[in-house]
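Before any comments, here is the structure.
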Amino acid sequence: AVGIDTTVKVIDRIEKRVARDKYVSTNELDRILREEIVGLLDAHGDTTGSRAILDRPDSPGHPFVIMVVGVNGVGKTTTIGKLAHRFHSAGKKVVLGAADTFRAAAVDQLIVWGQRVGVPVISHGMNTDPAAVAYDAVLKGVEMGADVVIIDTAGRLHNKVNLMNELSKIKRVMQKVIPEAPHEVLLVLDGSTGQNAFLQAKEFTRATEVSALAITKLDGTAKGGVVIGISDQFSIPVRYIGVGEKMTDLQLFDRHTFVNSLFKK
């Protein structure tokens, strides 16, 4: 599931290295392959953006706003809950915004996650204006002196024009409160869907600027190739990976650990 373009790129890079060294044992080839894959992931950096908030002892003076996008069914709302848990556990003040107002389940699910994690959720209910929810959530974040505001959004890819307009409006409205918001647009993809995840990445990068990836359902590492392909093709860093159902099962993406897990015999 790595994708043809990325595979060709890796093979080219390996051929160049092997041509230099002439004779290479299988162990050396294995090491070269790992290094080249790590190199691909490295090119896009993975310790900036929202990850930096976790490591920062002080507050930046205004909340760091993360707008989360992705189709229904990829684990978007669950990822937001787990992300909130991670920030909250690190002593950060978090506000959630239930701006996926298209699905009653998404609003209810986020409220439940807020209760579990112990963070406030701003919600206007179903079929309300998502931009108004996002505005109130960012405002609440400023009033509370929050470190992070995470906004859930609707993932209706079948109507791209509507989706683009909705996401643009959410951004514009948040910028009335914090001009630089959102500081990160996090696309959630289901790692177990292979090629489908590629297509979703393509559509969402067309609909809005995506600056980071969270890839869920990577419990089986056979599916992990999709991570390399998408990160490389779209030049977007992977920040988080979901590896299970538990609240703590959203991991910070580490490219060395990840590549080693792909090579486990």
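I'd like the residue in segment 237-265 that is assigned to a loop (DSSP other than H, G, I, E, B) and in contact with a Gly (Cβ under 8 Å, 6 or more places away or on another chain) and, out of all such residues, is nearest to residue 2 (Cα to Cα). Before the answer, list the steps.
First, the residues of segment 237-265 that are assigned to a loop (DSSP other than H, G, I, E, B): 237, 243-249, 253-254, 263-265.
Retained after the next criterion (residues that are in contact with a Gly (Cβ under 8 Å, 6 or more places away or on another chain)): 237, 247, 249.
Details: 237: 15, 247: 28, 249: 23 Å.
Filtering segment 237-265 for residues that are assigned to a loop (DSSP other than H, G, I, E, B) and in contact with a Gly (Cβ under 8 Å, 6 or more places away or on another chain), the one nearest to residue 2 (Cα to Cα) comes out as 237.
Mind listing just one residue for me: the one in segment 98-120 that is in contact with a helix residue (DSSP H, G or I) (Cβ under 6 Å, 6 or more places away or on another chain) and touching a residue at least 40 places away in the same chain (Cβ under 8 Å) and, of those, nearest to residue 203 (Cα to Cα)? Even if it seems obvious, please write down each step before you answer.
Kept after step one, since they are in contact with a helix residue (DSSP H, G or I) (Cβ under 6 Å, 6 or more places away or on another chain), are these residues of segment 98-120: 98-101, 106, 109-110, 113, 117, 119.
If we keep only those that are touching a residue at least 40 places away in the same chain (Cβ under 8 Å) too, we end up with 98-101, 106, 110, 117.
Numbers: 98: 23, 99: 20, 100: 18, 101: 21, 106: 21, 110: 25, 117: 32 Å.
Per the stated criteria, the residue is 100.
When segment 121-138 is examined, which residues are found to be surrounded by 18 or more Cβ atoms within 10 Å (Cβ to Cβ) and either more than 24 Å from residue 200 (Cβ to Cβ) or over 23 Å from the mean Cα position of the chain (by Cα) (or both)?
Narrowing segment 121-138 to residues surrounded by 18 or more Cβ atoms within 10 Å (Cβ to Cβ): 121-123, 130-131, 133-138.
Answer for segment 121-138, where residues must be surrounded by 18 or more Cβ atoms within 10 Å (Cβ to Cβ) and either more than 24 Å from residue 200 (Cβ to Cβ) or over 23 Å from the mean Cα position of the chain (by Cα) (or both): 121, 122, 123, 135, 136, 137, 138.
Is segment 94-104 home to any residue that is touching an Asp or Glu at 6+ places or on another chain (Cβ under 9 Å) and part of a helix (DSSP H, G or I)?
No: segment 94-104 contains no residue that is touching an Asp or Glu at 6+ places or on another chain (Cβ under 9 Å) and part of a helix (DSSP H, G or I).
Hey, among the residues in segment 234-261 that are without any contact (Cβ under 8 Å) to a residue 60 or more places away in the chain and of a type outside the set (Asp, Glu), which one's surrounded by the most Cβ atoms within 10 Å (Cβ to Cβ)?
Within segment 234-261, the subset without any contact (Cβ under 8 Å) to a residue 60 or more places away in the chain is 234, 241, 243-246, 251, 257, 261.
If we keep only those that are of a type outside the set (Asp, Glu) as well, we get 234, 241, 243-244, 246, 251, 257, 261.
Numbers: 234: 17, 241: 23, 243: 18, 244: 14, 246: 9, 251: 16, 257: 11, 261: 13.
Among those that are without any contact (Cβ under 8 Å) to a residue 60 or more places away in the chain and of a type outside the set (Asp, Glu), it is 241.
Does segment 220-233 include one or more residues that are outside any strand (DSSP E or B), of a type in the set (Ser, Thr, Tyr) and in contact (Cβ under 8 Å) with a residue 24 or more places away in the chain? Even if it seems obvious, please write down each step before you answer.
Step one: list which residues in segment 220-233 are outside any strand (DSSP E or B), which gives 220-233.
The next check asks that each one be of a type in the set (Ser, Thr, Tyr); those that pass are 221, 231.
Checking which are in contact (Cβ under 8 Å) with a residue 24 or more places away in the chain leaves us with 221, 231.
Taking every residue of segment 220-233 in turn, at least one turns out to be outside any strand (DSSP E or B), of a type in the set (Ser, Thr, Tyr) and in contact (Cβ under 8 Å) with a residue 24 or more places away in the chain.
Tell me which of these residue 155 doesn't satisfy, since it passes every other one: (1) buried (at least 21 other Cβ atoms within 10 Å of the Cβ); (2) out of contact with any strand residue (DSSP E or B) (no Cβ under 6 Å at 6 or more places or on another chain); (3) assigned to a helix (DSSP H, G or I).
All conditions pass for residue 155, except number (3).
Read-outs throughout are calculated quantities, based only on the coordinates presented, and are distinct from any laboratory measurement. Because the structure is predicted, anything quoted here is derived from the model rather than measured. Note that each Cβ is placed from the backbone with ideal geometry, even for glycine, and that neighbours are counted across all protein chains shown.
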